[in-house]
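Report on one structure; see the data block that follows.
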Amino acid sequence: SLHLFPPTIAASRSASSSAGGMSKYPRLFEPLNLGFTTLRNRAIMGSMHTGLEETGLFHGLEKLAAFYAERARGGVGLIVSGGISPNNAGRVYPFAAKLSTQGEAKSHKIVTEAVHENGGKILMQILHAGRYAYHPFAVAPSPIKAPIGWVTPSALTANQVETTIADYVKSAELAKTAGYDGVEVMGSEGYLINQFIVSHTNKRTDEWGGSYENRIRFPLEIVRRMRKAVGPDFIIMYRLSMLDLIPGGSTWPEVTALASAIEDAGATIINTGIGWHEARVPTIATKVPRGAYTWVTRKLKESGAVKIPLVTTNRINMPQIAEDILARGDSDLISMARPFLADPDILNKAMAGQERLINTCIGCNQACLDHTFQLKQASCLVNPRAGYETSLNYTPVPESQRQRIAVVGSGPAGLATATVAASRGHIVTLFDGANQIGGQFNLAKRIPGKEEFYETIRYFGAKLEDTGVTVRLNERVTAESLLAASPPFDHVVLATGITPRRPPIPGINGKNVRMYSEVLQGLGEPVGSRVAIIGAGGIGFDVAEFLSHSHAPAPKHDETSAAAGNERGWEMPPQPELALFLAEWGIDPTNEQRGGLAAEGPKPPPPAKQITLLQRKGGKVGAGLGKTTGWVHRAGLKARNVEFVSGADYLKIDEAGLTVAVAPEVVKGAKKEKGGKVEQRLIEVDTIVICAGQEPNRELHEALLAAGGRLQVHLVGGSERAGELDAKRAIDQGSRLAAQIETAKSGQVFEAPLSFGAHLYQFAAKRLGAA
């Protein structure tokens, strides 16, 4: 039994709190009878690859078992595993998980037993990557390379198609012997089954290609033969691509026809798939409004094409959102994948009426999907314990080991350090010179599409209160005041963040120059209609996004609420209108056009300002942005006519604007570098905004270290390493330090280890020029 970490909210809830949750969320917590088995509620933890699915010479699936056991204890009705290949060719990358032998099935029993012991049910997702495979043995219906792929796949022969179907069926049979309650057949997101269905990727002329009836024969034969093999008392959930979001994708009549045929073939449940991975439309990033695609599932439900339960998905991150969707009748079940990374107890907390303590998924992808596509272990920006349940535990300390801890700075690193340390029993005081907690998150939450950061600040505010942290805002401490504290502090954690860097450009102190922090806070004179942004890292892109939109001034903060440090401060602003989001990204709101793409294409709103975004480095602007979201930010700004300039040397700033020297790019092998004749250019703008990096703020560090004695001094977050502002690293460092602070010494830095697979990916990406 894998009870490795006690849940925040005990699974054995009181009758009164349980009744309260049922009355507030009656549909979410309503059981679903499937005939041969019953799901305890309507919540599904959707499939996500974690990097824990692979066994090795010295380990099995113990970590994966602990990961899913914690989510089962959290109350979720049904869990879907990460994608498991039915054969070698279907692996997403070399040595990725597959299930095709009895030995492999035996290794999965620890996972299914852990889930069942904690009251849950679990499906194994069978996923064949097809042309999305990152290895030289990739196969597909036709030899067409994916835009996001590394290799051109080999076309399956007719015999190989039959063998592949048999492999799917065998994998399902093995999953049943391993104790799974069923399987999910991955038929969406552009993987192999999807590649057969769509003529865009299926150019075959045999019985597996050509007409639509021939193209859907592959998934239908898989489900039909699978049902015959596993019997009636085994869940088969089919994930159906209802909105491809690619040219040449399926039409709505084809979607409904396939759904009906899948039901007839023996599926128990149909899950909603939105968008191929190569689609140039965001589907789960934080820019996507909450529940933005549930209308697609509702369209199928209202069509009457199927009678079996339907699952809706994508950007559903709070219990009330899920309840509202079910109340509207959009679906029968709700899939939330990343929210269970952020908080495994999201449902228990909702049932107990403790929504303020839910650690909400912000849809950033930085530690989950970005990690997955770089072969790193998946985790969560706001919850670094996710995926590390066997190694990162916030164990309570005995009273004799309690430490007095001062945390200076209430940004992400400071908030994580303070709350984790206090939850373990340490005596923590949090200091900040500002009148509100949040640090740089208070700037990030003002960026259009990043409003979810309000939720993170709300969570940490509630957590500070819940764990008993003493919060002292509007107080700028000194080394002297910290050293003079009585009783004395055992540890001082400097989470003092960064100081924006002012590059030595002639004219940098002119009246038309502004620092990014001033712009995002609405300080000083308004920014002009023509803007140059120096620096195209994450901050530069955020500022460009901010300035390209029309929006209200920064809200005035309720200082009483800020001082209380809880959820009674600012609330999230209203979500953007769904119709505007669909129009901006060219999505057909009726889903009648082929692939779900609007015939007239994207219609972004006019930009609020004329913006030029510059970087000193040559090559692609914003190359260092997130693996799975960088393209979203670039595409969004390009649609607002933001000009990108790379390879710029900043010569001077004056009243006319910014003068730069730009070296054109030349191609050297697989890379683009500066080269050729340098051109001097005046960019005529009214305002220049500086986003040119930052320096760590360590003004207290040396004086505290010099004091010596028993005091231990630690740096976390931006004060430890500035670089790009990195909330993922900040929260991870703070949490890991707090988890062992009673034994930590000055200068120690604790971070998640980099896996062998991640090193391998980095090497391969550099060799292939795909980093």
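Does Arg681 count as over 26 Å from Glu742 (Cβ atoms), modelled with pLDDT of 90 or more and either β-branched (Val, Ile, Thr) or touching a Ser or Thr at 6+ places or on another chain (Cβ under 9 Å) (or both)? Working first, answer last.
Details: over 26 Å from Glu742 (Cβ atoms): yes; modelled with pLDDT of 90 or more: yes; either β-branched (Val, Ile, Thr) or touching a Ser or Thr at 6+ places or on another chain (Cβ under 9 Å) (or both): yes.
For Arg681, the condition - over 26 Å from Glu742 (Cβ atoms), modelled with pLDDT of 90 or more and either β-branched (Val, Ile, Thr) or touching a Ser or Thr at 6+ places or on another chain (Cβ under 9 Å) (or both) - is met.
Check Gly468, Gly449, Gly438 and return the single one that is modelled with pLDDT of 95 or more and under 30 Å from Glu545 (Cα atoms). Quick ask: steps written out before the conclusion?
Details: Gly468 fails: under 30 Å from Glu545 (Cα atoms); Gly449 fails: modelled with pLDDT of 95 or more.
Residue meeting the stated conditions: Gly438.
Hey, can you tell me all the residues within region 478-496 that are part of a loop (DSSP other than H, G, I, E, B) and either open to solvent by 20 Å² or more (accessible area, probe 1.4 Å) or more than 20 Å from Gly718 (Cβ to Cβ) (or both)? Break it down stepwise before answering.
Pass one, region 478-496, residues part of a loop (DSSP other than H, G, I, E, B): 478, 484-490, 495-496.
The answer is Thr478, Ala484, Ala485, Ser486, Pro487, Pro488, Phe489, Asp490, Thr496.
If you check Ala350 against the conditions, is it more than 21 Å from Ile284 (Cα to Cα), aliphatic (A, V, I, L, M), open to solvent by 20 Å² or more (accessible area, probe 1.4 Å) and in a helix (DSSP H, G or I)?
Details: more than 21 Å from Ile284 (Cα to Cα): yes; aliphatic (A, V, I, L, M): yes; open to solvent by 20 Å² or more (accessible area, probe 1.4 Å): no; in a helix (DSSP H, G or I): yes.
So Ala350 does not fit the description; no.
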Scanning region 586-613 residue by residue, those without any contact (Cβ under 8 Å) to a residue 24 or more places away in the chain and either open to solvent by less than 30 Å² (accessible area, probe 1.4 Å) or outside any loop (DSSP other than H, G, I, E, B) (or both) turn out to be Asp588, Ala598, Gly601
Please specify each residue of region 255-300 satisfying the condition of being assigned to a helix (DSSP H, G or I) and among the acidic types (Asp, Glu).
Glu263, Asp264
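Can you tell me which residues in region 145-175 are open to solvent by 50 Å² or more (accessible area, probe 1.4 Å) and not polar (S, T, N, Q)? Show your work before the answer.
Of the residues in region 145-175, the ones open to solvent by 50 Å² or more (accessible area, probe 1.4 Å) are 145, 147-148, 150, 152, 154, 157, 159-160, 162-163, 166, 170, 173.
Lys145, Pro147, Ile148, Trp150, Glu162, Ala166, Lys170, Glu173, listed by residue number.
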Cβ pairs under 7 Å, 6+ apart or interchain, first in region 451-480 and in contact (Cβ under 8 Å) with a residue 12 or more places away in the chain, second among the polar types (S, T, N, Q) and part of a helix (DSSP H, G or I), ordered by first then second residue, are Phe460/Thr419; Lys463/Thr419; Leu464/Thr419; Thr467/Thr419; Thr467/Ser423; Val469/Thr419
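If only one of Lys349, Lys376 is at pLDDT below 95 and among the charged types (D, E, K, R), which one is it?
So the residue among Lys349, Lys376 that is at pLDDT below 95 and among the charged types (D, E, K, R) is Lys376.
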If we keep only residues of region 107-165 that are small (Gly, Ala, Ser) and part of a loop (DSSP other than H, G, I, E, B), then the residue farthest from Tyr68 (Cα to Cα) is Ser142
Return the residues of region 266-284 that are among the aliphatic types (A, V, I, L, M), open to solvent by less than 10 Å² (accessible area, probe 1.4 Å) and either touching a Lys or Arg at 6+ places or on another chain (Cβ under 7 Å) or modelled with pLDDT under 95 (or both); say none if nothing qualifies.
none
Considering only region 54-89, state which residues are hydroxyl-bearing (Ser, Thr, Tyr) and not in a helix (DSSP H, G or I).
Thr55, Ser81, Ser85
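With the requirement that a residue be of a type in the set (Val, Ile, Thr) and either under 22 Å from Leu347 (Cβ atoms) or surrounded by fewer than 17 Cβ atoms within 10 Å (Cβ to Cβ) (or both), what does region 44-68 give you? Lay out the reasoning, then the answer.
Keep residues of region 44-68 that are of a type in the set (Val, Ile, Thr), which gives 44, 50, 55.
The answer is Ile44, Thr50.
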Have a look at Pro136, Pro86, Pro147, Pro94 and point out the one that is more than 26 Å from the chain's Cα centre (by Cα) and closer than 30 Å to Gly630 by Cβ.
Pro136
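Kindly indicate which of Glu695, Glu751 is part of a loop (DSSP other than H, G, I, E, B), modelled with pLDDT of 90 or more and not hydrophobic (A, V, I, L, M, F, W, C).
Values: Glu695 fails: part of a loop (DSSP other than H, G, I, E, B).
So the residue among Glu695, Glu751 that is part of a loop (DSSP other than H, G, I, E, B), modelled with pLDDT of 90 or more and not hydrophobic (A, V, I, L, M, F, W, C) is Glu751.
Only one residue in Arg356, Arg338, Arg315 is of a type in the set (Lys, Arg), open to solvent by 20 Å² or more (accessible area, probe 1.4 Å) and either more than 16 Å from Arg71 (Cα to Cα) or over 18 Å from the mean Cα position of the chain (by Cα) (or both). Which one?
Numbers: Arg338 fails: either more than 16 Å from Arg71 (Cα to Cα) or over 18 Å from the mean Cα position of the chain (by Cα) (or both); Arg315 fails: open to solvent by 20 Å² or more (accessible area, probe 1.4 Å).
Only one candidate passes the filter, namely Arg356.
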Spot the failing condition for Lys228; the list is (1) in contact (Cβ under 8 Å) with a residue 40 or more places away in the chain; (2) open to solvent by 10 Å² or more (accessible area, probe 1.4 Å), and only one is missed.
(1)
Which ranges mark the helices (runs of 4 or more DSSP H) fully within region 526-585 that have 3 or more residues being at pLDDT 55 or above, crowded, with 21+ Cβ neighbours inside 10 Å and of a type in the set (Ser, Thr, Tyr)?
none
For region 424-462, give me each residue that is touching a Leu at 6+ places or on another chain (Cβ under 7 Å), assigned to a loop (DSSP other than H, G, I, E, B), open to solvent by less than 30 Å² (accessible area, probe 1.4 Å) and over 13 Å from Pro412 (Cα atoms).
none
Can you tell me which residue among Gly414, Gly409, Gly329 is touching an Asp or Glu at 6+ places or on another chain (Cβ under 9 Å), surrounded by fewer than 24 Cβ atoms within 10 Å (Cβ to Cβ) and farther than 30 Å from Pro94 by Cα?
Gly329
Kindly indicate which of Gly209, Gly249 is small (Gly, Ala, Ser), assigned to a loop (DSSP other than H, G, I, E, B), at pLDDT 95 or above and touching a Pro at 6+ places or on another chain (Cβ under 7 Å).
Gly209
Could you list, in sequence order, all residues of region 176-204 that are touching a Ser or Thr at 6+ places or on another chain (Cβ under 8 Å), among the charged types (D, E, K, R) and open to solvent by 10 Å² or more (accessible area, probe 1.4 Å)?
Asp181, Glu189, Lys203, Arg204
I'm trying to understand the selection: among the residues of region 305-330, which are closer than 26 Å to Leu258 by Cα and not in a loop (DSSP other than H, G, I, E, B)?
Leu310, Val311, Thr312, Ile325, Leu326, Arg328
In region 425-441, is there at least one residue being without any contact (Cβ under 8 Å) to a residue 40 or more places away in the chain and under 30 Å from the mean Cα position of the chain (by Cα)?
yes
Residues of region 576-593 satisfying the condition of being under 14 Å from Lys299 (Cα atoms) and among the β-branched types (Val, Ile, Thr):
Thr590
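Sort out which residues of region 93-126 are hydrophobic (A, V, I, L, M, F, W, C) and crowded, with 23+ Cβ neighbours inside 10 Å, and write them in order of number.
At the first step, the residues of region 93-126 found to be hydrophobic (A, V, I, L, M, F, W, C) are 95-97, 99, 105, 110-111, 114-115, 122-124, 126.
Ala96, Ala97, Leu99, Val111, Ala114, Val115, Ile122, Leu123, Met124, Ile126 - these are the residues of region 93-126 that are hydrophobic (A, V, I, L, M, F, W, C) and crowded, with 23+ Cβ neighbours inside 10 Å.
The values are calculated or read from the model by the stated rules, or taken from the named source; none is laboratory data. Since we're looking at a predicted model, the values are computed, not measured. Using ideal geometry, Cβ is built from the backbone for each residue, glycine included, and neighbour counts are taken over all protein chains shown. Side chains included, ligands, DNA and RNA excluded: accessible areas come from the protein's heavy atoms. Shrake-Rupley method; radii C 1.70, N 1.55, O 1.52, S 1.80 Å.
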